[in-house]
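Here the structure is laid out as structure tokens; the discussion comes afterwards.
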Amino acid sequence: MRGHRYAESMNLRLYDTRARAIRDFEPLQPGKVTMYVCGATVQSPPHIGHVRFAVNFDLLRRWLLHQGTEVVYVRNVTDVEDKVIARSQAEQVPWWELAYRNERAFSAAYDLLGCLPATLEPRATGHVPEIVALIDRLIEAGHAYASGGDVLFDVRSFADYGALSGQRVEEVQSAGDTENAEAKRDPRDFALWKRAKPGEPSWDTPWGPGRPGWHIECSAMSTKYLGREFDIHGGGIDLVFPHHENERAQSLAAGDPFARYWLHNAWVTLSGEKMSKSLGNSLLVREVVRRDVRPVELRYYLASPHYRSMIEYSEEALHEAAAGYQRLEGFVERAVEFVGEVGAAPLAGEGTDGEGWTSTLPDAFVQAMNDDLGVPQALAVVHAAVRDGNTALAADDKATVRARLLEVRSMLSVLGLDPMDPRWRRSAGQDDSLRAVADTLVRALLVQREEARARRDWATADAVRDQLRDAGVEVTDTPHGARWDVADRS
Ligand SMILES: [Zn+2]
């Protein structure tokens, strides 16, 4: 595999929802990418479907960082919204208590999954003056009107409405986003500002006390921190309509050029449907990592499929992903044991010079990542290098082991999955002791198999082999004796 050097221009291509096509990605300013990703509405702690976006956009950000690009990554927190208020009333706690408790749960989950912290993480409630100013501009430009204490966006005033989600304006369904439906000139008009109701948080404005609608916060905060025009706007596919359609309408109508590329990740589904809060309760991130898999394995599970492909959740698939990651990890650990640690590779964007180690990325990996973030193809390159490395380990081929180790660690590091990263490293903890127990038991069975073979008792030898295989253990005979690992089920 030939080394790769980065050229001045990006070779990255990304699927743009607005264009409905894969486009060459060229940032506004060479060497710098501005991105705004819609974060959580903090009504509940996150289940695994809630955090897929964070992992997917973290992969994009890391890939950009690895090319020496500066990335300004803004992810908002929707801390005032109908669902947050309804939930806080049901729990009989102040809205802000519920919001900040769940915000902390989201932050903990992002961190647990190894997502780099956002450059900025603004909350809607901290930006009411900016939101009010934007609504004022829209009223002045004739795109919004105050009515009965609400302020509504006039959908008919914006000819391009529906373009992001690919609908003609006459097909658009009413948002039904206000209890004040009679205030609307057109049922499709949506709320920029909602009049105050008793017991709800509110702010004083020229059109009366109230609170922001959901969509306007992102138009106000993205342009405040990234400028009137920025590179990437991202979020889950369910945000295309109405949230992003409405954000786009608001900002373009106010005269801002706004986002240049629209990226959306697919859902995690449960029985074919978007994982809902109630169905997802047993799949809270904190439960899954307590009960099922390690955080790095959950990251691998969420990162492995292409970001635009649905993940149909099953416990079996989650455990298969964990076993897949352990195969990569097992090679890295054995290789490090054999040749020493090579290829420690911090991110270019984390204040170190990425030169030297980026050149160890195989071309096929680089091409896969540049092709709309083709992580499945990129991981196929990693797994191929691991197979090659395992063969070299069995043959005591130090030079090849060293080369494959450097490549594997470089590729995994780009994906935030390097097993030697102190964040993930299996150290003197439960994992090591469990592995040690498993190793003792497997070796005891292997001794039985050897003894059976020695006395030509083939039936017993085969039975032991089958027993191990059924337990998911793959045994390889090497010149140094038998080696075992978790079986490849892919
Ligand atoms: Zn948003």
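The values are calculated or read from the model by the stated rules, or taken from the named source; none is laboratory data. Please read all numbers here as calculations on a predicted model, not as lab measurements. Note that we place each Cβ from the backbone using ideal geometry, even for glycine, and neighbour counts take in every protein chain shown. Accessible surface is based on the protein model in full, side chains and every heavy atom, while ligands, DNA and RNA are left aside. Shrake-Rupley method; radii C 1.70, N 1.55, O 1.52, S 1.80 Å.
Cβ-Cβ distances below 8 Å connect the following pairs, each with a first residue in the stretch 230-247 that is within 15 Å of ALA220 (Cα to Cα) and more than 10 Å from the ligand (Cβ to nearest atom), a second residue that is assigned to a helix (DSSP H, G or I) and open to solvent by 10 Å² or more (accessible area, probe 1.4 Å), and a separation of six or more residues or different chains: PHE230/THR223. Would you pick out the residues in the stretch 203-215 that are more than 16 Å from the ligand (Cβ to nearest atom), part of a loop (DSSP other than H, G, I, E, B) and surrounded by 16 or more Cβ atoms within 10 Å (Cβ to Cβ)? Result: THR205, TRP207. Scanning the stretch 89-98 for any residue that is within 16 Å of the ligand (Cβ to nearest atom) and either buried (at least 20 other Cβ atoms within 10 Å of the Cβ) or in contact (Cβ under 8 Å) with a residue 40 or more places away in the chain (or both) turns up nothing. For residues that are assigned to a strand (DSSP E or B) and touching an Asp or Glu at 6+ places or on another chain (Cβ under 8 Å), tally how many sit in the stretch 216-250. Summing the residues that are assigned to a strand (DSSP E or B) and touching an Asp or Glu at 6+ places or on another chain (Cβ under 8 Å) in the stretch 216-250 gives 2.
Of the numbered criteria (1) surrounded by 13 or more Cβ atoms within 10 Å (Cβ to Cβ); (2) within 23 Å of ALA395 (Cβ to Cβ), the one ASP439 fails is (1). For the stretch 111-130, check the following and say yes or no: at least one residue is in a helix (DSSP H, G or I) and buried (at least 23 other Cβ atoms within 10 Å of the Cβ). Yes, the stretch 111-130 contains a residue that is in a helix (DSSP H, G or I) and buried (at least 23 other Cβ atoms within 10 Å of the Cβ). For the stretch 182-202, a residue qualifies if it is part of a helix (DSSP H, G or I) and either free of Cβ contacts under 8 Å to residues at least 24 places away in the same chain or crowded, with 18+ Cβ neighbours inside 10 Å (or both), and exactly one does: ALA183.
Of all residues assigned to the stretch 330-347, at least one qualifies as being within 18 Å of LEU64 (Cβ to Cβ), at pLDDT below 80 and among the small types (Gly, Ala, Ser).
If you go through the stretch 45-88 and pick out every residue that is over 30 Å from ARG294 (Cβ atoms), away from the ligand (no atom under 16 Å from the Cβ) and open to solvent by 30 Å² or more (accessible area, probe 1.4 Å), you end up with 4. Listed conditions (1) more than 30 Å from GLY142 (Cβ to Cβ); (2) surrounded by fewer than 23 Cβ atoms within 10 Å (Cβ to Cβ); (3) in contact (Cβ under 8 Å) with a residue 12 or more places away in the chain are all met by ARG290, apart from (3). Of the numbered criteria (1) within 16 Å of the ligand (Cβ to nearest atom); (2) in a strand (DSSP E or B); (3) within 19 Å of the chain's Cα centre (by Cα), the one ALA259 fails is (3).
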